[in-house]
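**Q** Quick one: the structure is below, and I'll ask about it shortly.
The values are calculated or read from the model by the stated rules, or taken from the named source; none is laboratory data. This structure is a prediction, so every number in the text was calculated from the model and none was measured. So basically every Cβ, Gly included, is an ideal-geometry build from the backbone, and we count neighbours across all protein chains shown. The protein model used for the area step is the full one, side chains on, heavy atoms only, and it has no ligands, DNA or RNA in it. Shrake-Rupley method; radii C 1.70, N 1.55, O 1.52, S 1.80 Å.
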Amino acid sequence: MYIIHINKKNGILDAIYVVKQYTYMITRVFSSKIPVLLPLILFGALSGLAQGSRLSTSAGDVVNFHQTSHGILIRTTRCWASIQVYSPTMIRVRMSHQVFSSDFSYAVIGKPDGEFTKVQDSKGNILLLTDSLEVRVNKDPLQISFYTRGGKMLSGDYGGLGVRWLGHEITDYRTLLPGEKFIGLGEKTGNLNRRGNHYVNWNTDAFGYSLNRDPIYSTMPFYLGIHDSLTYGIFFDNTFRSFFDFGSSTDSQFCFFGADDGEMNYYFFGASTIRGILQDYSALTGHIHMPPLWSLGYQQSRYSYMSSKELLGIARTFREKQIPCDVLYCDIDYMDHYKVFTWNPVTFPDPREMTDSLKMMGFHLVTIIDPGIKVEKGYPAFDEGMRDSAFARYPDGSYYTGSVWAGRSHFPDFTRRQVRTWWGKNFSALSDSGVTGFWNDMNEPSAWGQDIPDLIEFGNPDHRATLASVRNVYGMQMARATYNGTRKLLGGRRPFVLSRAAYSGIQRYSAMWTGDNNSTDKHMLLGYRLINSMGLSGEPFVGMDIGGFSGNPTPALMVRWMSLGTYTPMFRNHTAKGNTFHEPWRWGKKNEALMRKSIRQRYRLLPYLYSTFYEASRNGMPVERSLAIDYAYDQHIYRPGFENEFQLGHALLVAPVVSYRDSAKVYFPKCGWYRMSTGDYIKGGHAFWVAAPLNDLPVFVRAGSIIPMQHPVQSTMDKGDGVLQIHVWYGTDPSSFRYYEDDGNTYQYEQGVFYRRLISFDPEKHQILFAKPTGSYSSKFTQIKLVLHGFPGLISLKLNDRVIHLQPGRQSATAWAVFPNKSEKLSINW
Ligand code: MIG
């Protein structure tokens, strides 16, 4: 740091002092005896400084360190570094040129916990141990590497580089290990294995993005490395523009990640499995709340249904045609001149009456919201925003104005609590009209034809920041304000919030969709890679515009995409203005029947899906899962032909297939699989050609799986037939499934009002067990229909020692029986 002394009276430079970091010793390096013209001196001095800062600097050599409550604090010749224990498998590293700024994160809710079991100081290094990990700290220069307790290197700083500064830019150069693969990093285009690529995080409205465009809408700076039967994760919690390079820039020497500014601040995850790492990551950044059950039903959207008349017509058509559907959307045209928190009085004259009619028919309504607030005196949201100084400003105090749908608009500063609270309250304009879902768009933030200037300021006086560090969290903070506000307004019911932009931790507030995709087969496949990757980075509730946002799909593509929608965490069909209509009945009778079948299949699977969301809400396991989670070291799953395959939960394997092929080569990870539609058995560990006609997407069930299903309903508001179907596919290994149910609509489950039951299958004991349910909710299913698949020749069972006869099922080697769903232990033997 430099102190420049200028004489107030004559503007002449008196002296320049250098303040030594950390010691704050001040040395005078220049003093003027004779008056020199200030501009001349300043130019000379500053250009000298600028020259000096052109080279990068290292983290310096360790001077000393001391133990703190959860780790150690290191002082080097150049910086401060802290290494803290969050759990035996989770270590945080912070480094800063200056004394650390106050510890603040939008993403992290976890706290340091525990300490190193051993801290051993020797001449060249410091050794830190936890029960699971070994951290080796090299002293000259400071470098940090992570090992297993068995001494195998997981990941560490590279050679003589490690952490370096270049001006304000901070980067960690890390060793690239032989054969190392990288997965994750959230919503990033490209391949499952990110090796050889460079990515940037800078939330961007990416209309009609190409297959390799980067960045797009959201920032999730968390990735996993996989090498040599080992795996680890790194979360770089820095909200400035950040970059990740997985060996695209060098000759296989190193990989690196860094940011334009801010601190080096990363969390290292060293659990021994990807599951364990995801569990830790979600413990650190938060889990989803249980989504409202209705939001897992089929969702029909369009930009836009132009009037309540049109919307109600769509609702009636779903019911007339007996196509199940739970959710309809209003895109921007429901508003009065695109002003948020208003309704168009002509086209939507009585929104309450409209949502009442929708409710009678079993529909929920989601309305879109953009962040920009129209500059217009007399418009309440604008007037209040001005009164409360709620909008982001330039450093000179004037408001930033950008043009969006409503015209010239100001942008709420969602980083401030007061602004979030104010924003949240505004939703009464929608919730009072019966709206229960809130779709946050344009929150990168996006303004037409503009790159919003970085110097715009945000935050309270005690915590000011510019768009440079706020941009990547703006969307998340809008979603946070929306979730917290609407949760209050809905009086105990769960709101559904959907966001386009995001930062890590978004899962605590909102579902996401992958923005403005294109109506092509390649984009459909890319969509599944995006969702798989977002699942790897903490966000399990994601969908894509089924059918494509820009362009028109062929009928075949529409049919195929809808069949995949069944197995997508959020099943939403959406498209842009001017495009062909996407509703299932717009594609001819034959295609309509196929789409009805796909949507009915979705509703059959809801009990399984809901239980899988429960798992996500407890331990962060994604709903849609890249095969890398369970088969990280199987080289086949990374091959371009197989990288789009995914699991829905643990039991189902889904192979996305382009619409112009009716067969596909599918890779089956090692274990047994049954084709769901036919019951055919396939032994895994190989790739096989399978039939993939438009009416039969390749979907397979893992041998030994237990899948709860139901008879399809038209909407989750329907009572259904009261029969919980428990399907069991025979396998040679024991397995279990945690069935979960609650009221689907409130937060009472947080107080124990749920119904949870462990169901297990043991082929050796010839036994299926239903444990006694826990929780205080009573299941809505009064009967259980047990359906056994792949149990040849079975004709009867014993249920708690009572013999029951089985009925033959539709597929060969299947059989079923129905019995009451009693809240006691049920033991079934064959
Ligand atoms: O400038 O609200 O991604 O889903 O239909 C386009 C209109 C704004 C972009 C969203 C899209 C939505 C559209 N919006």
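**Q** Counting just the residues of the stretch 447-473 that are in contact with a strand residue (DSSP E or B) (Cβ under 7 Å, 6 or more places away or on another chain) and assigned to a loop (DSSP other than H, G, I, E, B), which one comes out farthest from ALA107 (Cα to Cα)?
**A** TRP448
**Q** With a cut-off of at least 2 residues that are at pLDDT 95 or above and farther than 15 Å from ASP245 by Cα, name the strands (runs of 3 or more DSSP E) lying wholly within the stretch 122-223.
**A** Those strands (runs of 3 or more DSSP E) span 125-129, 133-138, 143-148, 153-156, 163-166.
**Q** Something else now. Considering each of PHE240, PHE257 in turn, give the residue that is open to solvent by less than 10 Å² (accessible area, probe 1.4 Å), more than 16 Å from the ligand (Cβ to nearest atom) and not polar (S, T, N, Q).
**A** Answer to the check: PHE257.
**Q** Exactly one of these conditions fails for PHE688: (1) among the hydrophobic types (A, V, I, L, M, F, W, C); (2) crowded, with 20+ Cβ neighbours inside 10 Å; (3) part of a strand (DSSP E or B). Give me its number.
**A** (2)
**Q** Tell me whether the stretch 196-206 contains one or more residues that are within 16 Å of the ligand (Cβ to nearest atom), open to solvent by 20 Å² or more (accessible area, probe 1.4 Å) and within 30 Å of MET621 (Cα to Cα). Working first, answer last.
**A** Quick first cut of the stretch 196-206, residues within 16 Å of the ligand (Cβ to nearest atom) only: 203-206.
From the residues that got through so far, the ones that are open to solvent by 20 Å² or more (accessible area, probe 1.4 Å) too are 204-205.
Narrowing the set further to residues that are within 30 Å of MET621 (Cα to Cα) leaves 204-205.
So far as the stretch 196-206 goes, yes, one or more of its residues are within 16 Å of the ligand (Cβ to nearest atom), open to solvent by 20 Å² or more (accessible area, probe 1.4 Å) and within 30 Å of MET621 (Cα to Cα).
**Q** Within the stretch 506-518, track down each residue that is surrounded by fewer than 24 Cβ atoms within 10 Å (Cβ to Cβ) and either free of Cβ contacts under 8 Å to residues at least 40 places away in the same chain or of a type outside the set (D, E, K, R) (or both).
**A** GLY515, ASN518
**Q** Just checking, which of GLY385, GLY397, GLY362 is buried (at least 19 other Cβ atoms within 10 Å of the Cβ), away from the ligand (no atom under 16 Å from the Cβ) and in a loop (DSSP other than H, G, I, E, B)? Don't jump to the end; show me each part of the working.
**A** Numbers: GLY385 fails: in a loop (DSSP other than H, G, I, E, B); GLY397 fails: buried (at least 19 other Cβ atoms within 10 Å of the Cβ).
On inspection, the qualifying residue turns out to be GLY362.
**Q** For the stretch 154-185, how many residues are charged (D, E, K, R) and more than 29 Å from the chain's Cα centre (by Cα)?
**A** 1
**Q** Test LYS597 against the criterion of being within 14 Å of the ligand (Cβ to nearest atom), open to solvent by 40 Å² or more (accessible area, probe 1.4 Å) and touching a residue at least 40 places away in the same chain (Cβ under 8 Å), and give yes or no.
**A** Taking the combined requirement at face value, the residue does not satisfy it.
**Q** Do any strands (runs of 3 or more DSSP E) lying entirely in the stretch 695-777 carry at least 3 residues that are surrounded by fewer than 19 Cβ atoms within 10 Å (Cβ to Cβ) and at pLDDT 95 or above, and which ones are they?
**A** Numbers: elements: 699-702, 706-709, 723-729, 735-741, 755-762, 767-770.
Hits in the stretch 695-777: 755-762.
**Q** Please determine whether any residue of the stretch 482-498 is open to solvent by less than 10 Å² (accessible area, probe 1.4 Å), of a type in the set (A, V, I, L, M, F, W, C) and closer than 22 Å to TYR400 by Cα.
**A** No, every residue in the stretch 482-498 fails to be open to solvent by less than 10 Å² (accessible area, probe 1.4 Å), of a type in the set (A, V, I, L, M, F, W, C) and closer than 22 Å to TYR400 by Cα.
**Q** Show the residue pairs meeting these rules: Cβ distance below 6 Å; 6+ apart or different chains; first residue within the stretch 430-444 and assigned to a loop (DSSP other than H, G, I, E, B) and within 15 Å of the ligand (Cβ to nearest atom); second residue open to solvent by 10 Å² or more (accessible area, probe 1.4 Å) and hydroxyl-bearing (Ser, Thr, Tyr).
**A** Sorted first by the residue in the stretch 430-444, then by its partner, the pairs are GLU444/THR204.
Here's the yes/no breakdown for (1) open to solvent by 30 Å² or more (accessible area, probe 1.4 Å); (2) in a loop (DSSP other than H, G, I, E, B); (3) of a type outside the set (D, E, K, R):
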{"position": "ALA381", "(1), (2), (3)": "no, no, yes"}
{"position": "SER389", "(1), (2), (3)": "yes, yes, yes"}
{"position": "SER403", "(1), (2), (3)": "yes, no, yes"}
{"position": "GLN418", "(1), (2), (3)": "yes, no, yes"}
{"position": "THR421", "(1), (2), (3)": "yes, no, yes"}
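**Q** Right, another one. Within the stretch 452-475, how many residues are surrounded by fewer than 20 Cβ atoms within 10 Å (Cβ to Cβ) and within 16 Å of the ligand (Cβ to nearest atom)?
**A** Here the count works out to 1.
**Q** Sticking with this structure for a sec: Go through the stretch 561-584 and count every residue that is under 22 Å from the mean Cα position of the chain (by Cα), in a loop (DSSP other than H, G, I, E, B) and away from the ligand (no atom under 11 Å from the Cβ).
**A** Here the count works out to 6.
**Q** Can you name the residue in the stretch 300-326 that is out of contact with any helix residue (DSSP H, G or I) (no Cβ under 8 Å at 6 or more places or on another chain) and of a type in the set (Asp, Glu) and, of all such residues, is nearest to the ligand (Cβ to nearest atom)?
**A** GLU310
**Q** Then there's this: Given the conditions (1) crowded, with 18+ Cβ neighbours inside 10 Å; (2) under 22 Å from THR77 (Cβ atoms), report the number of the one that LEU166 does not fulfil.
**A** (1)
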